[in-house]
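Take a look at the structure set out below.
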Amino acid sequence: MKEQLLTKKILNWYDLNKRSLPWRKNVSHQKRQYYTLISEFMLQQTQVVTVIPYFNRFIKNIPSLEILAKFPNKKLIKLWEGLGYYSRARNLKKTAQIIIKDFNGNLPDNFEDLKSLPGIGNYTASAILAIVFNKPYIPLDGNIERVLKRYLYLKKDRDIQKDNLNQKKSIFGISSRSSDYAQALMELGALICKPTNFLCNQCPISKNCQSFKKNDFEIKKKVKKKVDKYFLLKVYKRDQRYLLIKNTKFNFLKNLTIFPMEELFKPKNFNKNLNFKISNMNMNIKIQYSRNSREFQSPYWVDEKKLDNYMLPSFTKKIVKYLKKN
Ligand code: SF4
């Protein structure tokens with residue numbers, strides 16, 4: 001009974017307050033599948049406000065799954081440029097090809113088949129099942145996780161383990177409007193139960209919220225330790241052009257254009273020039289200017305003045321900008 005009331009309160013709030021997002025447009029079921037697939041891939045690791053213009057441009061250029069399946073890789077990466085985590089774009093295309101070949105052009109409507117597709121894990125599969133197929137799944141994204149932790153005041157290490165959170169989310173109950181409900185919970189976290197400046201006075205579930213009662217809103221997070229790694233980055237410069245290569249060596253920025261680099265293990269007296277945080281890595285980079293570029297087969301020479309004309313990851317662009325200044 002309590003859960004049903006909670007569900008109702010959240011849905012009522014959502015109906016009045018939901019944002020109008022391009023992937024929430026009223027479209028055919030076929031388009032809903034496609035829009036949800038694209039937006040959920042883009043939203044992995046990226047905020048809604050950042051995704052909106054990318055989503056609009058993507059849909060304009062690639063309006064259907066069929067077109068995506070045949071879309072040239074280079075152009076696809078160009079459309080993704082700036083969103084980062086480029087493996088998502090490659091997986092998206094592979095997924096489109098498999099859906100057309102093995103699933104008759106329709107997204108599968110069960111967890112196992114969805115999870116067999118490249119780039120789709122537990123979270124994305126749950127989101128698709130809820131949003132597209134109106135199945136009673138609650139995808140535990142960062143927003144829902146925050147609402148859950150605050151609502152139940154989950155602070156202990158064992159309480160904030162993923163398995164436990166996945167069990168505890170049953171507190172939210174289920175609704176016959178599963179599609180709206182999953183989005184309503186995400187929206188509540190995004191607009192009301194925000195990491196900071198949370199708006200408890202506008203929150204539809206404040207009455208039974210434990211954090212609100214205790215006036216303690218701090219979120220306990222599992223500490224993900226970033227691993228320190230060290231790289232020697234080689235700069236070959238000719239006129240105003242830099243030598244770049246296709247990265248087939250490292251798992252990060254795979255197949256993208258980067259400066260030649262080598263990883264150093266436990267280097268002594270390492271004076272870094274640059275630092276990047278990429279996925280779980282704290283990347284320390286030392287720059288070394290070099291002369292002999294003959295060891296590289298089919299390098300790319302990139303003009304520092306025409307940086308925007310190239311299809312480069314922001315990692316590489318930032319390094320070029322650093323080199324120009326220093
Ligand atoms: S009352 Fe405040 S802390 Fe509790 S769920 Fe609502 S916004 Fe979050």
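The values are calculated or read from the model by the stated rules, or taken from the named source; none is laboratory data. Computed from a prediction, not measured in an experiment: that's the story for all the values here. Using ideal geometry, Cβ is built from the backbone for each residue, glycine included, and neighbour counts are taken over all protein chains shown.
Annotations
- The set of residues in the range 46-71 being part of a loop (DSSP other than H, G, I, E, B), at pLDDT below 95 and exposed (fewer than 13 other Cβ atoms within 10 Å of the Cβ) consists of Q47 alone.
- Filtered by the rule that a residue be exposed (fewer than 13 other Cβ atoms within 10 Å of the Cβ) and closer than 15 Å to K317 by Cα, the range 226-276 gives Q240, N275.
- Any chance L307 is hydrophobic (A, V, I, L, M, F, W, C) and in contact (Cβ under 8 Å) with a residue 24 or more places away in the chain: no
- Test: residue in the range 150-163 that is in the same structural domain as T7 (by TED's automatic domain parsing), surrounded by 20 or more Cβ atoms within 10 Å (Cβ to Cβ) and within 11 Å of the ligand (Cβ to nearest atom): yes
- Residue within the range 68-79 that is within 16 Å of the ligand (Cβ to nearest atom), touching a residue at least 12 places away in the same chain (Cβ under 8 Å) and not assigned by TED's automatic domain parsing to the domain that holds F276 present: no
- R177 being among the charged types (D, E, K, R), in contact (Cβ under 8 Å) with a residue 40 or more places away in the chain, away from the ligand (no atom under 16 Å from the Cβ) and not assigned by TED's automatic domain parsing to the domain that holds K321: yes
- Number of residues in the range 261-272 that are touching a Phe, Trp or Tyr at 6+ places or on another chain (Cβ under 7 Å), within 25 Å of K237 (Cα to Cα) and in a loop (DSSP other than H, G, I, E, B) equals 1.
- Meets criteria (among the aromatic types (F, W, Y) and either in contact with a Cys (Cβ under 6 Å, 6 or more places away or on another chain) or within 16 Å of the ligand (Cβ to nearest atom) (or both)) for Y123: no
- In the set (1) more than 20 Å from F276 (Cβ to Cβ); (2) in contact (Cβ under 8 Å) with a residue 40 or more places away in the chain; (3) crowded, with 17+ Cβ neighbours inside 10 Å, the condition left unmet by S206 is number (2).
- Residue in the range 194-212 that is within 30 Å of N17 (Cβ to Cβ), part of a loop (DSSP other than H, G, I, E, B) and either more than 16 Å from the ligand (Cβ to nearest atom) or among the charged types (D, E, K, R) (or both) present: yes
- For D216: the one exception among (1) under 25 Å from L140 (Cβ atoms); (2) more than 15 Å from the ligand (Cβ to nearest atom); (3) touching a residue at least 60 places away in the same chain (Cβ under 8 Å); (4) in a loop (DSSP other than H, G, I, E, B): (2)
- Flag for T7 being surrounded by 12 or more Cβ atoms within 10 Å (Cβ to Cβ), touching a residue at least 60 places away in the same chain (Cβ under 8 Å) and out of contact with any His (no Cβ under 7 Å at 6 or more places or on another chain): yes
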